[in-house]
1. Pop a pseudo-label 7 angstrom from the Cα along the beta-carbon direction at both Val2 and Asp42 and give the gap in nm to one decimal.
2. For the range 2-99, what class follows from the C-alpha gyration tensor (a ≥ b ≥ c being the square roots of its eigenvalues): rounded when a/c is under 1.5, otherwise prolate if a/b is larger than b/c, else oblate?
3. Using +1 at the Cβ of each Lys and Arg and -1 at the Cβ of each Asp and Glu in the chain, identify which of Thr24, Pro6, Val43 lies farthest towards the dipole's positive end.
4. Mind checking the dipole of the range 2-99: about its Cα centre, +1 per Lys or Arg Cβ, -1 per Asp or Glu Cβ, Debye to the nearest 20?
5. Can you compute 3J(HN,Hα) from phi for each residue in the range 89-95, using the Karplus curve 6.51 cos²θ - 1.76 cosθ + 1.60 with θ = phi - 60°, rounded to whole Hz and x for Gly and Pro?
6. Which ³J(HN,Hα) values, rounded to whole Hz and listed in residue order, are derived for the range 63-80 from phi using the Karplus coefficients 6.51, -1.76 and 1.60 in 6.51 cos²θ - 1.76 cosθ + 1.60 with θ = phi - 60°, glycine and proline given as x?
Amino acid sequence: MVSLKPVEIDGRFATAITVELPKTSLVMVTTNRGYIMCGALDVDLLNTRLAERGIIAGRALGVRTVEQLLDAPLADVTDGARALGVQPGMTGREAIRLMI
């Protein structure tokens with residue numbers, strides 16, 4: 001099953017997406033500029049093979065829900081996210097604030 005829902009942060013909105021798969025779920029929050037995602041996100045791939053795209057993204061580990069993703073510290077971020085001011089260790093919510 002796939003679920004989409006709006007997420008309000010400081011009066012602005014992002015979209016939360018959850019994809020339920022056998023024995024796991026993919027959890028992400030996206031904006032028009034970038035996104036954060038659970039541990040399935042391959043930041044190294046985005047920074048190397050897809051570097052020319054300048055993707056703005058961050059990854060949090062050990063999250064299973066949208067709220068956990070927003071509250072968790074980001075373990076890795078892309079080079080594009082760093083250029084925007086997103087840093088490892090900031091919460092997903094802080095990162096989304098910069099991406100909105």
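1. A separation of 2.0 nm, rounded to one decimal place.
2. Numbers: a/c = 1.57, a/b = 1.18, b/c = 1.34.
Note, shape of the range 2-99 comes out oblate.
3. Of the candidates, Pro6 comes out farthest on the positive side.
4. Numbers: 11 positive and 11 negative charges, 25 e Å.
Dipole size: approximately 120 debye.
5. So the Karplus estimates, Gly and Pro as x, are x, 6, 6, x, 4, 4, 5 Hz.
6. 9, 10, 9, 4, 4, 4, 4, 5, 8, 7, x, 6, 7, 9, 9, 6, 4, x
Throughout, read-outs are computed from the coordinates displayed, never taken from laboratory work. Keep in mind that what you see is a predicted model, and the values were worked out from it rather than measured. Backbone-built Cβ (ideal geometry, glycine too); neighbour counts: all protein chains shown.
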